[in-house]
Amino acid sequence: MATALLGDWCDPLFRAGQLSNTALGALKAEARTLHRQMVPTWRRRTVHGRVLSLDAGLGDGLSLHDLVAADVSYLELPMDGVFDDERLNILLRGLTPTEQAVVFAYAEDQGTTCAEAAAAAGATDPDAFGERVRRKVKRLAAEQHRRAALLAPQHTPATKP
């Protein structure tokens, strides 16, 4: 909160001599933003749960770092171009080679955004192309989830005779 108080929310007070009706809202928004930025990565929530620190203890003196192999690259392109995870193969088949290059650049940390990954992949308009690839990958993944849900056995409640 102290950091938010140092922000520019009170500029109307210095300029006009009074605070506007939205000044408190601006202060609250600034405090929320700063709080979100200051939360450690391993304490943030994601769609699928929490992110854990590699130092997280697992008992018996083990940590997540001990379990993660440093030389494993799941997205390293195999010699035959086929990955072990069929979901990834299906998704990549739905992309053009240029779009695949953006996905690989993003996966290999050549960009923190799709636009940066598109620039690293050599796109002429990286902002538009990166956004288009991001939306297409999201749409293809959602379609995979939808189809998997249709194929999954439906739970039916037991009926009494």
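Remarks
- Among residues of the range 26-40 that are closer than 21 Å to Asp11 by Cα and in contact (Cβ under 8 Å) with a residue 12 or more places away in the chain, those with a beta-carbon under 7 Å from a residue that is open to solvent by less than 60 Å² (accessible area, probe 1.4 Å) and of a type outside the set (Phe, Trp, Tyr) at least six positions away or on a different chain give the pairs Leu27/Ala4; Glu30/Ala4; Glu30/Gly7; Ala31/Ala4; Leu34/Ala4.
- Conditions (1) of a type outside the set (Ser, Thr, Tyr); (2) modelled with pLDDT of 70 or more; (3) not in a helix (DSSP H, G or I): number failed by Leu52: (2)
- Pair list, Cβ under 6 Å, 6 or more apart: the range 99-121 residue closer than 13 Å to Glu131 by Cβ and of a type in the set (Asp, Glu), other residue assigned to a helix (DSSP H, G or I) and open to solvent by less than 30 Å² (accessible area, probe 1.4 Å): Glu99/Val133
- Count of the range 102-118 residues, restricted to those that are surrounded by fewer than 19 Cβ atoms within 10 Å (Cβ to Cβ) and part of a helix (DSSP H, G or I), is 3.
- Some residue of the range 20-38 being in contact with a Pro (Cβ under 6 Å, 6 or more places away or on another chain), in a loop (DSSP other than H, G, I, E, B) and either open to solvent by less than 60 Å² (accessible area, probe 1.4 Å) or at pLDDT 70 or above (or both): yes
- Subset of the range 119-139 that is of a type in the set (Val, Ile, Thr) and open to solvent by less than 90 Å² (accessible area, probe 1.4 Å) - its residue that is farthest from Leu92 (Cα to Cα): Val133
The values are calculated or read from the model by the stated rules, or taken from the named source; none is laboratory data. Source: prediction; values computed, not measured. Note that each Cβ is placed from the backbone with ideal geometry, even for glycine, and that neighbours are counted across all protein chains shown. The area values use the complete protein model at the heavy-atom level, side chains included, leaving out ligands, DNA and RNA. Shrake-Rupley method; radii C 1.70, N 1.55, O 1.52, S 1.80 Å.
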